[in-house]
1. Kirkwood-based Rg over Rh for region 1-46 (C-alpha set), two decimals?
2. Could you check what % of the DSSP bridge pairs in region 47-288 are antiparallel, to the nearest 5?
3. Which value at 222 nm does the chain reach when only helices count, each DSSP H run of 4 or more adding -39,500 (n - 2.57), with the total divided by all residues and rounded to the nearest 500 deg cm²/dmol?
4. Given 0.36 nm per residue, what is the gain on full extension from ASN113 to ARG79 after removing their alpha carbon distance, in nm?
5. Around THR62, under 13 Å between beta carbons, what's the net of Lys plus Arg minus Asp minus Glu among the other residues?
6. Report the charge-dipole magnitude of region 196-332 in Debye, nearest 20, computed about the Cα centre from +1 at each Lys and Arg Cβ and -1 at each Asp and Glu Cβ.
7. Mean separation of Cα pairs under 8 Å and 6+ residues apart, divided by the residue count of the chain: what relative contact order is that in percent?
8. Full extension from LYS340 to THR182: what is 0.36 nm times the residue separation minus their Cα-Cα distance, to one decimal in nm?
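Readers should treat all values here as calculations from the given coordinates under stated rules, not as data from a laboratory. All values derive from a computational prediction rather than experimental measurement. Glycine also receives a Cβ, built like all others from the backbone with ideal geometry; neighbour counts cover every protein chain displayed.
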Amino acid sequence: MGIFADRVALLGTENAFRVGPAIARLEAEGHRVIRCNIGEPDFPLFGHIRDEVKRQLDADNTHYCDPQGVLPLRETIAREMSRTRGIEITPDRVCVFAGAKPPIGYSQLLYCNPGDEVIYPSPGFPIYESFTRFVGAVPVPLHLEEDRGFAFGGDELRALITPRTKIIILNFPSNPTGGVATEAQLAEIAATIREHAPEDVRVYSDEVYEHILFDGAEHHSIASQPGMAERTIIVSGASKSFSWTGGRVGWAVLPTAEEAAAFKNMNINDISCVSPYNQMGARVGLGSMLSDAEIRRMVSAFQQRRDVVVDGLNRIDGITCHKPRGAFYVFPNIGGVCEKLGIIDAFESLDEEQKAATSPATIFQLFLLEKYHVAALDRRSFGVIGSEGRHFLRLSIATGIDDLREAVVRIGQASRDRDGVADFLQEVEAPWTFDSARVAENTSQSSPTTVH
Ligand SMILES: Cc1ncc(COP(=O)(O)O)c(C=O)c1O
């Protein structure tokens with residue numbers, strides 16, 4: 001009998017954080033690692049929010065507060081979400097969390113019995129799949145196909161809905177594909193849900209990238225579709241919009257006040273409340289013209305970087321890369337590179353158990369990090385189930401443009417280094433997983449300090 005409960009084996013992780021110690025080790029060895037792994041804007045927190053947080057600290061607003069979220073923030077969220085989604089939202093339906101991540105797991109804990117099914121996009125934010133398994137629910141991936149521009153419609157969704165479906169997760173703009181839903185696409189998805197899913201099925205609409213949109217694209221929420229506000233949990237937060245991942249302020253609008261109270265009780269059981277001074281900072285940020293200007297500046301930098309990186313990647317033999325319309329990631333297909341470097345053959349030489357622990361994209365990702373010092377993430381980091389045979393990397397473009405240019409150069413060099421790959425595969429023990437990299441880390445002299 002091990003020390004942990006059985007469910008611990010079911011819990012996945014977010015590799016964007018896990019790769020941190022390997023980066024720290026390489027840096028301690030004197031290498032300059034370009035960090036394209038983590039999803040956080042590389043801009044400072046907006047000045048007007050920073051000032052408000054300081055003001056709140058000076059006023060000693062530093063104690064326990066309402067576990068559902070302080071009323072001034074919930075009022076502002078209700079007002080802004082009502083205005084931007086064209087629906088009527090009251091503060092008693094809002095709950096504030098320590099970021100936009102906690103409501104994912106809370107939803108699964110609150111709505112799913114063991115055996116209930118959760119439909120989620122794959123590739124998608126890894127916690128969707130990880131936490132579903134952890135609570136004993138059944139993960140049902142909705143595969144986003146490259147040849148459809150990673151989009152999907154009502155038919156693909158309908159094929160997955162069963163009497164056990166309890167939650168349908170949507171994420172637009174999407175991590176990692178950068179997909180943005182059109183109103184017509186959301187209308188079709190909504191019609192499918194109204195027609196085929198019972199009324200108690202909840203749509204979890206993760207809209208945390210709502211402000212990161214390119215080429216004049218607009219954000220639409222499924223909650224604005226007829227009959228959908230009553231079934232939809234709208235989630236957003238301060239991490240991406242205000243470049244404030246360390247603030248840990250996120251929020252959800254629940255279909256009913258009763259459901260918001262259940263989420264509040266999760267906070268009571270878990271974190272008690274979110275720092276009140278940060279909540280007041282988020283209140284100042286939301287819907288402010290000052291924030292709009294800062295967001296425009298940030299998004300225009302992301303768009304310029306996207307163009308540089310996508311063009312550069314598409315010039316590399318063996319890589320094809322779609323142009324994302326939102327969020328701050330690119331998601332190139334590296335199948336050709338894996339083929340030409342002999343990685344697919346090496347992968348095929350593994351036994352079935354080893355194959356289940358890695359993928360060609362994982363091997364390339366490790367090679368790229370260890371030998372060319374670019375930190376990226378493999379396709380498996382965005383949903384393991386059904387990821388076989390799909391060879392993609394995710395690169396965050398929330399890094400300076402000069403570093404991104406250099407990253408593209410290094411990826412090009414790595415993509416031609418067949419001998420380097422052969423040596424790497426000898427050096428690192430099969431099956432070439434994150435854990436192999438951790439073996440290297442444990443034997444290193446360095447003492448990593450950063451965690452992301
Ligand atoms: C799709 C998606 N949802 C939720 C989150 C979590 O955001 P937060 O840092 O506010 O918890 C992220 C963070 O990367 C994300 O990409």
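1. Using only Cα positions, Rg/Rh for region 1-46 is 1.17.
2. On the way: 8 of 26 bridges.
Taking every DSSP beta bridge with both residues in region 47-288, the antiparallel ones total about 30 percent.
3. -13000 deg cm²/dmol
4. Length difference between fully extended and current span is 8.9 nm.
5. Details: positive: LYS54, ARG55; negative: ASP58, ASP60.
So the surrounding residues net to 0.
6. That gives a dipole near 480 debye.
7. On the way: 864 pairs, mean separation 107.0, N = 452.
It comes to 24 percent, rounded to a whole number.
8. Full extension of this stretch gives 53.2 nm more.
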